[in-house]
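First the structure, in the form of structure tokens, and then the observations on it.
The values are calculated or read from the model by the stated rules, or taken from the named source; none is laboratory data. Quick caveat, the model's predicted, so the values are computed rather than measured. Cβ placement follows ideal geometry from the backbone for every residue including glycine, while neighbour counts extend to all protein chains displayed.
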């Protein structure tokens, strides 16, 4: 069943990414704010609608008990221990600022345990500004079955994908301090901001990085460019669950503040991705957790 669900998630994020690139290519990006502080664009909405159409058509055919939730459309189905979800444009602020490291992503979980994840970055290698046939990558994983990467090439109304290849975390030299993304945002509570500032003030960070979205940041932590992604409150299930499955299958340490792999019975919780438990522990201690 998980293979079938992966096929649905892959089809959904692919269709969503087509909508994102169509909006960007036609220069029809319109921005507004929801809840007075969170940016949303026409690309978010069109990607959300495309993903929703795939979920509504195909998930009930696999198992009618699967509920699903999308960032813009909300929750569908009765309460269930089986849940799919999608973020139609993770990294909206980055996207609206002209960036190309955003992602379209989706997941499946049972009893809050992430089982399947897909993170699609359609412009990460060669952006649309350079060519109509932009080049990106799709990362995907089923728990217990390794992490895979596929190269993508945009063809105007769809994508060509390369063969799937396995990948694991980068082997990096030891350092005393770490290149890190530790978000500080309007989505955080005062307590969450306080935790974050403790990390910044601790001296553990050698330099700050980031891609503007959780999916992209986790991929950057796995594949190289930063040592740690430590999100002390800005992220939510829709943008953190998909890369969690991929990171764990790639050999990364993914922890909540309890020093365990996050289980998602809540929509928002602290989340750390590092190459080793020792590095993850250093960041939790820096945050006084």
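Some values worked out for this structure:
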{"quantity": "Test: residue in segment 134-144 that is assigned to a loop (DSSP other than H, G, I, E, B) and either assigned by TED's automatic domain parsing to the domain that holds residue 223 or under 30 Å from residue 276 (Cα atoms) (or both)", "calculated": "yes"}
{"quantity": "Hits in segment 111-124 (condition: more than 30 Å from residue 67 (Cα to Cα) and surrounded by fewer than 15 Cβ atoms within 10 Å (Cβ to Cβ))", "calculated": "none"}
{"quantity": "Unique match (being within 20 Å of residue 121 (Cβ to Cβ) and under 9 Å from the mean Cα position of the chain (by Cα)) among 106, 97", "calculated": "106"}
{"quantity": "Test: residue in segment 8-30 that is under 21 Å from residue 158 (Cβ atoms), loosely packed, with under 14 Cβ neighbours inside 10 Å and touching a residue at least 24 places away in the same chain (Cβ under 8 Å)", "calculated": "no"}
{"quantity": "Odd one out for residue 119, checked against (1) assigned to a helix (DSSP H, G or I); (2) within 20 Å of residue 11 (Cβ to Cβ)", "calculated": "(1)"}
{"quantity": "Residue list for segment 80-99, filter: surrounded by fewer than 17 Cβ atoms within 10 Å (Cβ to Cβ) and assigned to a helix (DSSP H, G or I)", "calculated": "93"}
{"quantity": "Scan of segment 177-186 for residues that are under 16 Å from residue 280 (Cβ atoms) and exposed (fewer than 15 other Cβ atoms within 10 Å of the Cβ), ordered by number", "calculated": "177"}
{"quantity": "Options 102, 108: the member that is closer than 17 Å to residue 11 by Cα, surrounded by 13 or more Cβ atoms within 10 Å (Cβ to Cβ) and touching a residue at least 40 places away in the same chain (Cβ under 8 Å)", "calculated": "108"}
{"quantity": "Qualifying residue in segment 199-221 (condition: surrounded by fewer than 24 Cβ atoms within 10 Å (Cβ to Cβ), under 25 Å from residue 9 (Cβ atoms), out of contact with any strand residue (DSSP E or B) (no Cβ under 7 Å at 6 or more places or on another chain) and assigned by TED's automatic domain parsing to the domain that holds residue 274)", "calculated": "yes"}
{"quantity": "Test: residue in segment 151-160 that is within 30 Å of residue 266 (Cα to Cα) and either in contact (Cβ under 8 Å) with a residue 60 or more places away in the chain or assigned to a strand (DSSP E or B) (or both)", "calculated": "no"}
{"quantity": "Single match in 80, 53 (criterion: over 22 Å from the mean Cα position of the chain (by Cα), more than 19 Å from residue 138 (Cβ to Cβ) and in contact (Cβ under 8 Å) with a residue 12 or more places away in the chain)", "calculated": "80"}
{"quantity": "Answer from 259, 267 - the residue that is within 26 Å of residue 94 (Cα to Cα), without any contact (Cβ under 8 Å) to a residue 60 or more places away in the chain, surrounded by fewer than 17 Cβ atoms within 10 Å (Cβ to Cβ) and touching a helix residue (DSSP H, G or I) at 6+ places or on another chain (Cβ under 8 Å)", "calculated": "267"}
{"quantity": "Residue 68 vs. criteria assigned to a strand (DSSP E or B), over 16 Å from the mean Cα position of the chain (by Cα) and buried (at least 21 other Cβ atoms within 10 Å of the Cβ)", "calculated": "yes"}
{"quantity": "Residue ranges of strands (runs of 3 or more DSSP E) in segment 165-263 with at least 3 members under 17 Å from the mean Cα position of the chain (by Cα) and modelled with pLDDT of 95 or more", "calculated": "228-231, 253-255"}
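Conditions tested, residue by residue: (1) part of a strand (DSSP E or B); (2) surrounded by fewer than 17 Cβ atoms within 10 Å (Cβ to Cβ); (3) touching a helix residue (DSSP H, G or I) at 6+ places or on another chain (Cβ under 8 Å).
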position	(1), (2), (3)
32	yes, yes, no
45	no, no, no
48	no, no, yes
56	no, yes, no
78	no, yes, no
